[in-house]
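Asks: Here it is, the structure, as structure tokens.
The values are calculated or read from the model by the stated rules, or taken from the named source; none is laboratory data. Everything numeric here is computed off the predicted structure, so don't read it as measured data. Cβ atoms come from the backbone with ideal geometry, glycine included; neighbour counts cover every protein chain shown.
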């Protein structure tokens, strides 16, 4: 591929990564995050997308979930899928379950929930349990905190948002990928000037870059060395993103799990690559698992063989006590007659 083609591919990969950088609402320790996805989807598609990100559709109920819903839906319009359905109550209360149809609940700004058909395509959906460093944009993460900006939590600038706050930084800096309250130097190109202390020769590079000469930095291609993608690694500026081959779903931002029923009896691919060959193991397992009917046949055969062996041992002991010794063929013939 020529240099022009490589440049175009690199820019496409960057756009793919940025498209997956979403607004999130997280607890202060970043251990629990919810994200908003403004993309049309029905309930099943929305649930699948959340699971690919390592989470589930956001269910209201806990105080954190309620605060996340209220905060993420600020300045939005339309309806978004939540993780609530009427399936459980439907199955327990309906006299004729054949007449009972599952319904799903959407939510809109102001925490207004609406019961509707799960096949409806809405304006988007809310996910919970996503990894913020792999899913959320550092510039768009909202820290859920009832104190808001009153305790000056941000290094540079703080802005109240809903039940929390966001932090912003000076030019050429952004909220840190490990602690969004702190600012870090960053670069939007594959090469950039190093961040040098005024009047000294002490220089540093942004996260995901390495020094290239005394005063410049170059992007590290993590896909050539240090990454944990199970199958496909996509290098981006200062970082990388993972994806999966056809027939697999991305889980927790890096693992790939075979979608059951995707191949419908066809031979599964043997090109899966990854950590501990996890995907290949799943392929082998799917080929080795027998059907319920095969398990029943195997079990009956084993029991019949054990029963025959017991009868044979009893017969041999009886013959030995009687003092009669026969050749092997005669013994087997007698045993078969007794069976």
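Asks: Residues 51, 109: which one is modelled with pLDDT of 90 or more and not assigned by TED's automatic domain parsing to the domain that holds residue 251?
Replies: Working: 51 fails: modelled with pLDDT of 90 or more.
Exactly one of 51, 109 is modelled with pLDDT of 90 or more and not assigned by TED's automatic domain parsing to the domain that holds residue 251, namely 109.
Asks: Across the stretch 221-242, what is the total count of residues that are surrounded by fewer than 19 Cβ atoms within 10 Å (Cβ to Cβ), at pLDDT below 90 and over 20 Å from residue 54 (Cβ atoms)?
Replies: Number satisfying all stated conditions: 3.
Asks: Residues in the stretch 21-29: is at least one surrounded by fewer than 20 Cβ atoms within 10 Å (Cβ to Cβ), assigned to a helix (DSSP H, G or I) and modelled with pLDDT of 85 or more? Can you show your working first?
Replies: Within the stretch 21-29, the first condition is being surrounded by fewer than 20 Cβ atoms within 10 Å (Cβ to Cβ), and the residues that meet it are 21, 27-29.
Pick out the ones that are also assigned to a helix (DSSP H, G or I) and you get none.
Checked against the condition, which is being surrounded by fewer than 20 Cβ atoms within 10 Å (Cβ to Cβ), assigned to a helix (DSSP H, G or I) and modelled with pLDDT of 85 or more, the stretch 21-29 yields no hits at all.
Asks: State whether the residues of the stretch 57-64 include one that is in a strand (DSSP E or B) and in contact with a helix residue (DSSP H, G or I) (Cβ under 6 Å, 6 or more places away or on another chain). Spell out how you get there, then give the answer.
Replies: Of the stretch 57-64, the ones in a strand (DSSP E or B) are 57.
When the remaining residues are screened for being in contact with a helix residue (DSSP H, G or I) (Cβ under 6 Å, 6 or more places away or on another chain), the result is 57.
Looking for residues that are in a strand (DSSP E or B) and in contact with a helix residue (DSSP H, G or I) (Cβ under 6 Å, 6 or more places away or on another chain), one finds at least one in the stretch 57-64, hence yes.
Asks: A follow-up question, please. State which residue is nearest to residue 216 (Cα to Cα) when the search covers only the stretch 164-189 and only residues that are at pLDDT below 90 and touching a helix residue (DSSP H, G or I) at 6+ places or on another chain (Cβ under 8 Å).
Replies: Per the criteria, the residue is 177.
Asks: Could you give me the residue pairs with C-beta distances under 6 Å whose first residue belongs to the stretch 159-181 and is in a strand (DSSP E or B), whose second residue is surrounded by fewer than 14 Cβ atoms within 10 Å (Cβ to Cβ) wherever it lies, and which are 6+ apart or on separate chains?
Replies: 166/159; 168/157
Asks: Here's a follow-up. With respect to the numbered conditions (1) assigned to a strand (DSSP E or B); (2) surrounded by 19 or more Cβ atoms within 10 Å (Cβ to Cβ), which one is the sole condition not fulfilled by residue 139?
Replies: All conditions pass for residue 139, except number (2).
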